[in-house]
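Undergrad: Got a structure here, written out as structure tokens. Questions coming.
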Amino acid sequence: MSPTVEAAALPLPAEPMRNGLAIRLWLLLTGIFGLLTLPDLLEKGRYSGWFIARYSWQWSLLITVCFLISLTCLLLWLALQNGRSRRLILFSEKAVQQLQRLGRWNYLLYFGGWLLTAVFMRFFFVKHFTALSDRVWIVWLAAGVTSLFWMAAGRIQFFWAVGLGMLIGGFLATLMTYAAAVSPYPFSLGWSEASRYYYASLPFAKQIYGFSIPLSPLHASRYLLLSLAYLIPDSPLWFHRLWQVILWIGMNLATGWALARRLGLRPALLMGGTTLWAFLFLMQGPVYYHLHLCILPVLWLYHPQRPMRTLAGVMLASVWAGLSRVNWFPVPAMLAAAMYLLETPFHTRRSWLAYLSRPLLWGGVGISCALLAQAAYIPLSGNSDPSLFASSFTSLLLWHRLLPSATSGWGILPLGLIVSLPLLGLIVLNTLRRGAGWHPLRLLALAGIGGLLFGGGLVVSTKIGGGSNLHNLDAYFVLLLLIGAYFLFDKAVPDQPGTASPTKRPAALVGLILVMPVIWSLAEFSLPAAKDLQQAQVTLNSLNQLVSSAAQRGEVLFISQRHLLTFGYVQDVPLVADYELLLLSEASISNNRTLLEKFYQDLRERRFAMIITGRLNPSYQRPKMDPFAEENNLWVDRITFPILEYYGEEAYFGEQNLQVLVPK
């Protein structure tokens, strides 16, 4: 048997917690939180049957098992605390010795335990363990139990085994949430879910629709990645949904792995755990998959002694940023600058200007590359209206969404600070304390980059159309992850390494850093109800009859559900490329008069023999009180009323919220 690896030998990022203390803490928390789940289970199971009182036998069994587990853990904790636990300790040591004899079979048992946990999450998190505290307890319990197999293999201490287990539980929750979108359901799974696949098809428009169509003026890099699925001819809708899930999971894992590789972490166990932690941290935004190509070239190519190699990475990433978002134009250079500031002491240069010359060069070149890439894409996209690319600068800013509101929940600012606090605490603890040995210029530069990205993310979050989650703080989260990881793994180089006091990484703070993203992933866990495929086919048959008849009279406009033409669910109907849902929505919130006036003219002339859209509800919502009320009201004013003035309803499919309109 190989000896347990100590924290200093891995090097694991904290002062080690003795196995005995870690196990007692785990037992105590398991018992307490297990008891706290009981009221919620008792409430949910009430009136389920008459086996015991008003509970079915299934609910009765579940509640009894949870109670017995909690009680057992508390009794074991008491036995270990009062000093009368000699027999218990001997028994546990013999049990571990028996597991050690299994050798590598412990790995199979470990992952088998997590497979069973995943099955449990799939079937019990939807109806039974719906509260966040209940879900955290289940993952915490599974992490502790499965840790015994990892410890028996002689690879890790209990503290780190539980931490790794929590990360695996969080990863499974995220994976199942995103994988639920892989469905053969022919209609859009959300308001604009399937619109993404239509825009991704535009590079192949001539093959699919018979004529060329201008590429999307919005999120070009996202649709370019999604379009790769069209390289497989006649691929079905479910395959494109699967490809997007692979991008979501794969890109965030790739950035986590690239960060662990950049930090030079060994062995593979530490590298894998760090990859999972970084993945979950980034998914708190989340950081969209196409934006990771603004990060990965910098992480791969940055080299402190090879500035031209670093410059090449910044240029590649900045070109991609130019096809992504305006607020990401400077991000690749900022990430390279942050790594330079973290790794290069100030005394290695003669003056502050000489010290900052490389970051300034990267910044100037990077932003120039992003601007040039955007300027080149505008004419290459085929769009004749340049204003389509500037809608972000003409949209309203709704500052109230920074604080708790119907749209933003707890508020963008409070949630952003909550997510940041553990890593910020670690950074502050190791830079501002006495004897930290950091030059003020380096700290000011790092704080300035972080402040710019945080402030910029807050401003973008207030743009109408956003503010429902933290994804506009994505660049700030990437930077915070990068800086925090350098201190977490003791890779940041102070200016006086010989005299600086050792890096402080308290176990409690590191535990919070590990657990916070896991809690977030469990809070976001959701599995939608299964869709009725037979009913959807009935709707498709009826819709095909309606649009086929209308196509003989004139053009049929699919504002929403346009992917039905892309994937052949609706056939023999020529595509009208104008006025897709996302573009029309962006025009309404940015007041793009050029596009809107053209749309109104087409409506007045009854250009379309039929319009397919989501249900047009001509009613206003209450600003600051209803979710996305401002967006709804602009849509009603600028889209709904003009359409309903000239078109009336011919059919409505309630299950799909699909409205069919014809000229009045």
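The values are calculated or read from the model by the stated rules, or taken from the named source; none is laboratory data. A quick note: this is a predicted structure, and the numbers were derived from the prediction, not measured. Note that we place each Cβ from the backbone using ideal geometry, even for glycine, and neighbour counts take in every protein chain shown. Calculation scope for accessible area: heavy atoms of the full protein, side chains included, ligands and nucleic acids excluded. Shrake-Rupley method; radii C 1.70, N 1.55, O 1.52, S 1.80 Å.
Undergrad: Between Gln305 and Ile232, what is the label-to-label distance in nm when each label sits 7 Å out along the Cα-to-Cβ direction?
TA: Reported label-point gap for Gln305 and Ile232 is 4.5 nm.
Undergrad: Moving on. Add -39500 (n - 2.57) for each DSSP H run of 4 or more in the chain, then divide by its residues: what number comes out at 222 nm, to the nearest 500 deg cm²/dmol? Please report the intermediate quantities before stating the final value.
TA: Values: 25 runs with 387 residues, N = 664.
My calculation for the chain gives -19000 deg cm²/dmol from helical runs alone.
Undergrad: For the range 366-475, rounded, prolate or oblate, judged on the Cα gyration tensor with a ≥ b ≥ c (square roots of eigenvalues), a/c < 1.5 rounded, else prolate if a/b > b/c? Working shown, then result.
TA: Values: a/c = 3.67, a/b = 1.47, b/c = 2.50.
Verdict is oblate for the range 366-475.
Undergrad: Moving to a separate point now. For the range 422-529, what does the alpha-carbon gyration tensor say about shape, rounded, prolate or oblate, given a ≥ b ≥ c as the root eigenvalues, a/c under 1.5 as rounded, and a/b over b/c as prolate?
TA: Working: a/c = 3.66, a/b = 1.58, b/c = 2.32.
Oblate shape, in that a/c is at least 1.5 and b/c is the bigger or equal ratio.
Undergrad: Further, regarding this structure: Compute and list, largest first, the equivalent-ellipsoid semi-axes of the range 516-664 from the alpha carbon gyration tensor, each √(5λ) rounded to a whole angstrom.
TA: Numbers: eigenvalues 158, 110, 39 Å².
Those come to 28, 23, 14 Å.
Undergrad: For the range 64-71, take each phi angle, set θ = phi - 60°, evaluate the Karplus expression 6.51 cos²θ - 1.76 cosθ + 1.60, and give the result in whole Hz per residue in order, putting x for glycine and proline.
TA: Taking θ as phi minus 60°, the curve returns 5, 4, 4, 5, 5, 4, 4, 5 Hz for the range 64-71.
Undergrad: For Lys624, Lys463, write out the residues from largest to smallest accessible area, computed with a 1.4 angstrom probe and no ligands counted.
TA: On the way: Lys624 135, Lys463 40 Å².
Largest accessible area first, the list is Lys624, Lys463.
Undergrad: Turning to a different aspect of this structure: In a solvent-free Debye calculation with one equal scatterer on each Cα, what is log10 I(q)/I(0) for the range 456-498 at q = 0.27 Å⁻¹, listed in the order of the q values?
TA: After summing over all Cα pairs, the log10 values are -0.88.
Undergrad: Sum up the charges of everything whose Cβ sits under 14 Å from the Cβ of Ala550, counting Lys and Arg as +1 and Asp and Glu as -1, but leave Ala550 out. It would help to have the intermediate numbers written out before the result.
TA: Details: positive: Arg553, Arg606, Arg607; negative: Glu555, Asp572, Glu649, Glu650.
Charge balance near Ala550 sits at -1.
Undergrad: Something else: Using the Cα gyration tensor of the range 258-344, with a ≥ b ≥ c the square roots of its eigenvalues, what is the shape: rounded (a/c below 1.5), prolate (a/b larger than b/c) or oblate (neither)?
TA: Values: a/c = 2.19, a/b = 1.16, b/c = 1.89.
Judged from the Cα gyration tensor, the range 258-344 comes out oblate (a/c at least 1.5, b/c at or above a/b).
Undergrad: Output the Cα-based Rg and Dmax of the range 544-627 in Å, rounding Rg to one decimal and Dmax to a whole number.
TA: According to the Cα coordinates of the range 544-627, Rg and Dmax are 14.7, 46 Å.
Undergrad: Provide the per-residue ³J(HN,Hα) series for the range 586-592, in order, calculated from phi with Karplus coefficients 6.51, -1.76, 1.60 and θ = phi - 60°, each as a whole number of Hz, with x at glycine and proline positions.
TA: For the range 586-592, the Karplus-derived couplings read 5, 5, 5, 7, 9, 6, 6 Hz, x marking Gly and Pro.
Undergrad: Still on this structure: Please list, in order along the range 597-612, the HN-Hα scalar couplings obtained from phi with the Karplus expression 6.51 cos²θ - 1.76 cosθ + 1.60 (θ = phi - 60°), rounded to whole Hz, x for Gly and Pro.
TA: Residue by residue, the range 597-612 yields 5, 5, 5, 4, 4, 5, 5, 4, 7, 6, 4, 9, 6, 7, 10, 10 Hz.
Undergrad: If you don't mind, another one. Using alpha carbons only, how many angstrom separate the centre of the range 325-344 from the centre of the range 255-279?
TA: Each part reduced to its Cα centre gives a spacing of 20 Å.
Undergrad: A further question follows. Between their Cα atoms, which of Lys463/Lys598; Lys44/Lys531; Lys598/Lys624; Lys94/Lys504 are more than 27 Å away from each other? All intermediate terms of the calculation are to be shown ahead of the outcome.
TA: Numbers: Lys463/Lys598 25 Å; Lys44/Lys531 25 Å; Lys598/Lys624 31 Å; Lys94/Lys504 36 Å.
From Lys463/Lys598; Lys44/Lys531; Lys598/Lys624; Lys94/Lys504, over 27 Å: Lys598/Lys624; Lys94/Lys504.
Undergrad: Report the Cα centroid-to-centroid distance between the range 122-157 and the range 584-649 in angstrom, as an integer.
TA: Cα centroid to Cα centroid, the span is 48 Å.
Undergrad: Grab the other residues whose beta carbon is less than 13 angstrom from that of Arg562, score K and R as +1, D and E as -1, and report the net.
TA: On the way: positive: Arg196; negative: Glu193, Asp578, Glu580.
With Lys, Arg at +1 and Asp, Glu at -1, the neighbours total -2.
Undergrad: I would also like to ask the following. Describe numerically, in nm with one decimal, the distance between label points set 7 Å from Cα along Cα→Cβ at Asp572 and at Leu75.
TA: Output for this residue pair reads 7.4 nm.
Undergrad: Viscosity 1.567 mPa s, temperature 4 °C: give me the Stokes-Einstein translational D for the range 389-428 in µm²/s, with Rh taken as the Kirkwood radius over C-alpha pairs.
TA: Once the numbers are plugged in, D ends up at 108 µm²/s.
Undergrad: Next up: For Lys463, enumerate residues with amide H under 5 Å from its amide H, sequence gap 5+ or separate chain, H modeled in the peptide plane.
TA: Under 5 Å from the amide H of Lys463 lie the amide H atoms of Leu398, each far enough along the sequence or on another chain.
Undergrad: Something else now. Debye sum, Cα scatterers, the chain, no solvent: what log₁₀ I/I(0) at q = 0.07, 0.08, 0.10, 0.11 1/Å?
TA: -0.56, -0.72, -1.06, -1.22
Undergrad: What accessible surface, in Å², does a 1.4 Å probe find on Leu293, ignoring ligands, DNA and RNA and rounding to the nearest 10?
TA: Roll a 1.4 Å probe over it and Leu293 shows about 50 Å².
Undergrad: At 1.4 Å probe size, what's the solvent-accessible area of Phe91? Round to the nearest 10 Å².
TA: Approximately 140 Å² for this residue.
Undergrad: Moving on to the next point. Applying a 10 Å radius around every beta-carbon, put 485-491, 44-50 in order of their mean neighbour count, most first. Show your work: numbers first, answer last.
TA: Values: 485-491: 21.1, 44-50: 14.1.
Highest mean packing first, the order is 485-491, 44-50.
Undergrad: If R₀ is 25 angstrom, what is the calculated FRET efficiency for the pair Leu444 and Ser392, using the beta carbon separation as r and rounding to 0.05?
TA: Details: r = 30 Å, r/R0 = 1.19.
After rounding, the FRET efficiency stands at 0.25.
Undergrad: Taking amide H positions as placed 1.01 Å from N in the peptide plane, with prolines and chain starts having none, which residues 5 or more places from Ala651, or on another chain, fall under 5 Å of its amide H?
TA: Val660
Undergrad: Let me ask you something else. Report the trypsin sites (Lys or Arg not before Pro) located in the range 105-203 that are in a DSSP loop and have at most 12 other Cβ atoms inside 10 Å of their Cβ, or state none. Intermediate results must be reported in sequence, preceding the final value.
TA: Working: sites: Arg122, Lys127, Arg135, Arg155, Arg196; in loops: Lys127, Arg155.
Passing both the DSSP loop test and the Cβ count: Lys127.
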